[in-house]
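Encoded as structure tokens, the structure appears first; notes follow it.
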Amino acid sequence: MIIKKKQRGINRREFLKKTATGAAGIAVIGMAPGFAWAGKKEPIRIGASLSLTGKYARTGEEQRRGYELWVEHINSVGYSLGKGDLPHKEPGLIDGRPVELIVLDDRSDPTTGVRLINELIYNKKVDLLLGPYSSSVSNAVAPVIEEAKIPTPIPMASSPKIWKGKRRKWMPQIQPPASLRLPGIVKMAKEKGNKTIAIIYSDAAFPRAAAEGVKARAKKYGLDIVLYEAYPKTLTDWIPIVSKAKDRKAEVLAGGGYLPDSIGIVKAAKSINYAPKIISLVVGVALPDFKDSLGNDVLDITGDADWEPGVEYPGAKEYTEAYTKKYGAVPEYHSAGAYGGAQILEVAVKRVGNLKNRKAIRDVMYTVDTLTIFNAYKVMPLDSPDSGLQTAAKRLLLQWHKVGGKLKKVVIYPPDAVTGKFIYPFRGWK
Amino acid sequence: MELSPVIYNALIVGIFIGSIYGLIAVGLSLVYGVMRVVNIAHGEFVMLGAFLTFFAWRLLGINPIISIVIALVVLFFIGLIIHRFLVERVIGKPMLSSLMLTFGISIFIWNTAQAIFTTNIKAVSYLGGSVTFLGVNIAKSYILGFGIAVLLVAALFAFLKFSRWGKAIRATSQNDEVALVCGIDTKKVRTLSFALGAAFAGSAGAVVSMTWFIFPQMGFNYLAKAFAIIVLGGLGSIPGALIGSLIYGAAESLTGQILEARMSQVVPFVILATILVIKPSGLFGARER
């Protein structure tokens, strides 16, 4: 027994010998990639924390695709769609260095987002950052970004509260602010002679801002706000709150939150047979899932989008083609916004031509006036209390129509972008 | 105070919604009653039932009402397999083992579902309209859900009351050691109960797919509600789960209508806390032995 035990054991000298050989071996193998990198340039590491699981998983995934496509284009030709005029000699962002995208999943949770942004900055030591999904997460990570002083475009946060009076110096907004959500809907409702409106919204940063914007415009146009109420983010059944709007005889039903909200509100309205003259909801209406889930019930419903595949921004058309080729689906605004946001980073980094000078990169982001595939871009300057707030981007109002037997979104506002006639009033549930 | 139409409306809708929660809670309670396992993966069974219905409808054109039966059967067997090979191993072990195990199963199922079904939000647009019922305008899918719940729960009661296996389940639930001594194969009883619990969750999922929308992580919402309901009704008590779910549904709906939607998820828990203060074992709960 004793002998056996001795044979199985290992003495100190042997241990040292073996570990030393092992370590040397690992070191030699470890050098191989070093040699490989000598030929290639060291990649520029760009980090992002996105909502890949949880409530915002669907839209968070779209955003990831936008970032990925941008990285792909930078790494293959050295510039993104519509940005061929920027200095580029070789593939890569600057000095021929390719981009490596590091995406972490914040599970749609702001506190996790904060943890991951810290992880990206201080542990993974990324060179640059791209913004997360949703106003809630963006708002939560804002202080971390400001403190780390890393220029970070924030593509998918439309709540103006993140910027208003906050003097954000390192994170320009890409999306049009939420106070301008559902553009034209109040004006059009008033023109059609409606008197009452119900505004219901998810109790989160961006829907609240959107609802406040609609409320302000409803007041301005003299509509009677018969219901103005928030519902919890985790709601799964909208019947009680939609019933309230019905009981109060609201002619216009507006608001919502994200995609689940839009589907839930429409289902609820149909199931209690509530047919207001106008139904207008944020975010979800623009997504193909809305139609896939509800079928013909989407007819006449209006909603907004920051972007549609048909818009006339430089590179937008090519973007739609590239996206469709890679992912086998038609892109919507979340991915386009992500791509557009990354383009702002591209513009700034290329103009400065040096990653070390973060302040200069930031300064370009805060002064440049340009177009991306996504939208127009210009933000409040650094000396303004609202610095970083988006001022140039526009939003469209859409409505679901049946064109040639197929369900299709048409733009009904603003007048210069219209692709179809506003169908009024809502023709009821079939 | 006279019952205003708004309150009456909310009450009826709440009871209907509660009955759908009941389908989920009854299964969870049955499993807890028989084997003292809180099945964290119960919500995932609801999700699987919902996706099953969705794909049967979208790809094969199967009527979602028929899918309720399909989901019931398929989930029964999924439950059977999961219990036989996994859950049975932690029976009689400390509570934490079963919690960890079912939590693991839950994570495994929804992540797999996310990989296969993608994160896209789906819904079955069937029975979306409404009818006037008991003087209230109510969704057809709710009426269907209510009908299914009444039918299945009645069947379960009859099964537990009169059938041999049902009696064995009740005996095991009351005292598994004595049941074993009396010659009941408690292992089979546990497997059957777990499979039945999963089957109920699956059929609830089929109803949910018509009523609300579905996505891979939806299970947790329903698990949280069902768990509150079975605590309210008394852990392990089937009638308790049923009454608890009606109270929960009505409280949720009434709060949303009378107070504010934001409060609708608070009030049921206030009621839960109040009942637990008055009767710590829940409405119908027996004292832990």
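Below is a table of values for the structure above.
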read-out	value
Nitroxide proxy distance, nm - points 7 Å out along Cα→Cβ at A:ALA148 and B:CYS182	6.3 nm
Nearest-ten-degree value, helix A:358-367 long axis tilted from longest Cα axis of chain A	20 degrees
For B:257-267, mean number of other protein chain Cβ atoms within 10 Å	5
Number of partner chain Cβ atoms within 10 Å, mean per residue of A:240-249	5
Above-threshold pairs, the threshold being 32 Å between Cα atoms, out of A:LYS195/A:LYS378; A:LYS195/A:LYS233; A:LYS246/A:LYS378; A:LYS215/A:LYS409	A:LYS195/A:LYS378; A:LYS246/A:LYS378
Peptide ranges A:334-346, B:143-155 listed from the most packed, as the mean C-beta count within 10 angstrom indicates	A:334-346, B:143-155
Among A:ALA376, A:ALA48, A:PRO176 the positive-end extreme of the charge dipole of the protein assembly as shown (Cβ point charges)	A:ALA48
Residue with peak Gaussian network fluctuation, chain B [Cα springs, cutoff 10 Å], from B:ALA50, B:ALA179, B:ALA201	B:ALA179
Residues A:TRP70, A:TRP429, sorted so that the one with the fewest Cβ neighbours within 10 Å comes first	A:TRP429, A:TRP70
Size-normalised alpha-carbon gyration radius of the protein assembly as shown, reference 2.2 N^0.38 Å	1.07
Exposure proxy ranking, count of Cβ atoms within 10 Å, fewest first, for A:TYR323, A:TYR313, B:TYR142	A:TYR313, A:TYR323, B:TYR142
Cross-link reach list, lysines versus B:LYS188, counting only Cα pairs under 16 Å and skipping chain neighbours closer than eight places	B:LYS167
Principal-axis tilt of helix A:316-327 within chain A, Cα atoms, nearest 10 degrees	60 degrees
Dipole of the range A:105-230, positive end: most advanced residue of A:PHE206, A:TYR133, A:LEU227 [Cβ charges, Cα centre]	A:LEU227
For the range A:80-151 versus the range B:193-258, the gap between their alpha-carbon centres in whole angstrom	41 Å
Residue exposure sequence - A:GLU321, A:GLU146 - by fewest surrounding Cβ within 10 Å	A:GLU321, A:GLU146
Rg followed by Dmax, in Å, when chain B is reduced to its Cα trace	18.6, 57
Size of charge dipole - the range B:13-149 - debye, nearest 20, with Cβ of Lys, Arg +1 and Asp, Glu -1, no other charges	100 debye
Total charge dipole magnitude, chain A, about the Cα centre, Cβ charges on Lys, Arg, Asp, Glu only, Debye to nearest 20	1140 debye
Distance histogram in 10 Å bins (all Cα pairs of chain A, percent per bin)	4, 21, 28, 21, 12, 6, 4, 3, 1, 0
Leading residue at positive end of dipole, the protein assembly as shown (Cβ point charges), from B:ALA71, B:TRP57, B:ALA250	B:ALA71
Highest-MSF residue in chain A out of A:LYS124, A:LYS325, A:LYS83 [GNM, Cα springs under 10 Å]	A:LYS325
Inter-chain Cβ neighbour average for residues B:136-147, partner chain, 10 Å	2
Listed residue pairs exceeding 31 Å between alpha carbons, taken from A:LYS83/A:LYS359; A:LYS244/B:LYS279; A:LYS164/A:LYS402	A:LYS244/B:LYS279; A:LYS164/A:LYS402
When each of A:LYS317/A:LYS350; A:LYS267/A:LYS406; A:LYS125/A:LYS149 is checked by Cα-Cα distance, pairs over 19 Å	A:LYS317/A:LYS350; A:LYS267/A:LYS406
Reach of A:LYS89 by Cα under 16 Å, taken over aspartates and glutamates that are not fewer than 8 positions away in the same chain	A:GLU346
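Readers should treat all values here as calculations from the given coordinates under stated rules, not as data from a laboratory. All values derive from a computational prediction rather than experimental measurement. We place every Cβ from the backbone using ideal geometry, glycine too, and count neighbours over all the protein chains shown.
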